[in-house]
Structures are given as C-alpha cells and as structure tokens.
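Notes for the one structure printed next.
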Amino acid sequence: MITAYLAAEGFEAELAEELRRAGLGPMLRPAHGQLFITDAEPIEAAWSLNTWFDAEELEVGSIGETARSLRARQRNWSSYAPLHRGRAELVTAKLPHVSGRPLALAEPPPVAPLGSWTMLETGRVLAATRCSSPFPNGRPALQERRQGPPSRAYLKLWEALLRIRRRPGPGDVCVDLGASPGGWTWLLSELGASVLAVDKAPLDASVARRPKVSWRGESAFGLRPNSLSDTEPITWVFSDIACYPQRLLALVDQWRALQPAPALLFTVKFQGATDHEVTDQLRAMEGAELFHLFHNKHELTLAIVGPHRASRERAEPVQP
C-alpha cells in the first residue's frame, strides 16, 4: 500500500513532523517536491492539502502509453510535476480535459472522482485514483468578488465550507468572533444567514449596513455564550482570531458547551513555532476535523460539524 501526502508550499516541515509524530518517519521515502510518499496505512494528516490513497507505481514507456495507463483506470486526472514538467504536460495533453472553471459562491464542490499522478522519473509514475480533495493539488478555483468583501479573508472561509461540504444559509444564526473588518461576516450574510459580529473594532461600514448583520463591540474572549440567550438558537460559530493556540482551546471548549450545540469553524493560528501538542489536543476533540487549506497561512482550520449539530445546516451532495 502506498499513500502520498501533498504539503502546501512552505509548509513541508509541518507535514513531515506530523507524519514523524504519527510513527511514519521510518516508512517515508525521500520527498518528491512537496509530496511525501510512504508505504503505510493512511492517517488523517492535517497539514496535507491533498492525500493520495492506494497509490500505484506504474512502469511506463512513451507519452502515449503513460496516458493510456492513466485513462484505463479512470477519466479525470490532475498532475503534480515538481520534476519532468515538460513530459508531464505532454501526457496531460493526451488525457481528457478536466474543467478548471472557478466555482461561484454557494456552488457545491465537484463530486466526480479526480485522480492525482506524478512522474517520479522517466518511465515511472505514481498514480492514485482516490484523493482527499476534489480540486487539483488541493487548490480550489473560486470566482473572487472584487467588490463587496472588505478583505480577501472570506476566501479562507469559503474554502473551508467547501471542504466540509456544509454551509449556513437562510434560517441560520451565526456568531463571527473577532469579525472586524468583516470579511467572514460578509460571506455569511451573502449566504443568507443572520450574523452577530463580535469585535472591539467596528465592521467596515459596507458590511455593517447589510441586512441581518449586527455588531457587538466587545472582546470575543470576554463574551459569554449564555449571554446571548435573548437571541434565536445559535447554529454556527466562526472565529478567525489571531491568538495563541492554547488560548483558543479554552474558547473552543466554551462554545462546545453551549446547548443546543452549534457547529464550530475556527482558525488555529500559530505564533512562531508550530505547536503540534495543541494540534493533537484539538484533533482529539469529539467530532473534530483539522485541516490546512490552500488559503491558510501558518495556521490550521478546526471544524466540529457533526450530524447532531447545526440542525439547519445545508449539506452538499457527497460522492457516493
């Protein structure tokens, strides 16, 4: 069995350390660019943009033979080419076209299987028909909004909602912690949800004027969830606060205790060195999913969105 993990550029060390801490160090092959290949059972690697499952090593000859070998396994393929790029492009030209059309807001992610392949050396290919991301090399193409959002931070939230295949919408009540200037609040309101933005700093005026948006001028750490009992039941809580991960742990626990339990989606930002101990604590929380997005920097995204949470959440179609 071969499993491969693709790190985001600049975060190879984080992924390598995560794999080492999981006991995969002795089974790791030399890195192939940002791709870490191991002959071991897959793990849930938070720092992997795209994990390749049940990968095969194929001995191939010509460009045409390589393309035929891939087509024989499935239709849609994406290449990762840190080496032999010219040859990989020639193979790609002989494969069926995969649409790279950017997704519109609220459009669901693709459900068609997308395989990944790379040329390890001339005549030898690593290919996986099943991957963790439906996007080429874990990088979603999004139709950016040039007007409306006060910052590009909304792209990170958009990508996270695509990743978990759920999103809030009309009828949902969201709390956006550390909201200023309002990129995440803008996106949530654009999806039709009601949003309470919490931050000592005010929202951008264009966001503050939006229907169903309200602002509470206080610290997200000083706010007590039970103080919002006069509002409708909160179905989602979001946070993109810059703080030490250890402090974020307490904030997550505070909102997890709220009843009925809302869905949580928090950014975990690392100040200086990556705190793998905190990462392990977050991963161990019931129902937690931890992942690194293409739009993340030195941070991870934590999602706790189970079937028992956020009863009005919108679930995207999932590949059967």
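List of remarks:
- Only residues that are within 14 Å of residue 17 (Cα to Cα) and in contact with an Asp or Glu (Cβ under 9 Å, 6 or more places away or on another chain) were counted in region 272-288, giving 3.
- As a summary of the residue check, residue 18 satisfies the conditions (1) out of contact with any Leu (no Cβ under 6 Å at 6 or more places or on another chain); (2) within 20 Å of residue 139 (Cα to Cα); (3) not in a loop (DSSP other than H, G, I, E, B) except for the one numbered (2).
- Residue 38 meets each of the listed conditions (1) of a type in the set (Val, Ile, Thr); (2) touching a residue at least 60 places away in the same chain (Cβ under 8 Å); (3) closer than 30 Å to residue 17 by Cβ apart from (2).
- Residue among 245, 149, 181, 211 that is not β-branched (Val, Ile, Thr) and not assigned by TED's automatic domain parsing to the domain that holds residue 291: 149
- On inspection, residue 126 qualifies as closer than 23 Å to residue 25 by Cβ, modelled with pLDDT of 95 or more, of a type in the set (A, V, I, L, M) and outside the structural domain of residue 276 (by TED's automatic domain parsing).
- Filtering region 190-200 to residues that are outside any loop (DSSP other than H, G, I, E, B) and closer than 19 Å to residue 266 by Cβ leaves 195, 196, 197, 198.
- Counting the residues of region 117-143 that are touching a Gly at 6+ places or on another chain (Cβ under 9 Å), of a type in the set (Gly, Ala, Ser) and either crowded, with 17+ Cβ neighbours inside 10 Å or under 27 Å from residue 191 (Cα atoms) (or both) gives 4.
- Index of the failed condition, residue 246 passing every other in (1) without any contact (Cβ under 8 Å) to a residue 60 or more places away in the chain; (2) touching a strand residue (DSSP E or B) at 6+ places or on another chain (Cβ under 9 Å); (3) among the polar types (S, T, N, Q): (2)
- Count - residues of region 16-60 that are crowded, with 16+ Cβ neighbours inside 10 Å, touching a His at 6+ places or on another chain (Cβ under 8 Å) and not aromatic (Phe, Trp, Tyr): 4
The values are calculated or read from the model by the stated rules, or taken from the named source; none is laboratory data. Being a predicted model, the structure only gives us computed values, none of them experimental. Note: ideal-geometry Cβ built from the backbone for every residue, glycine included; neighbour counts use all protein chains shown.
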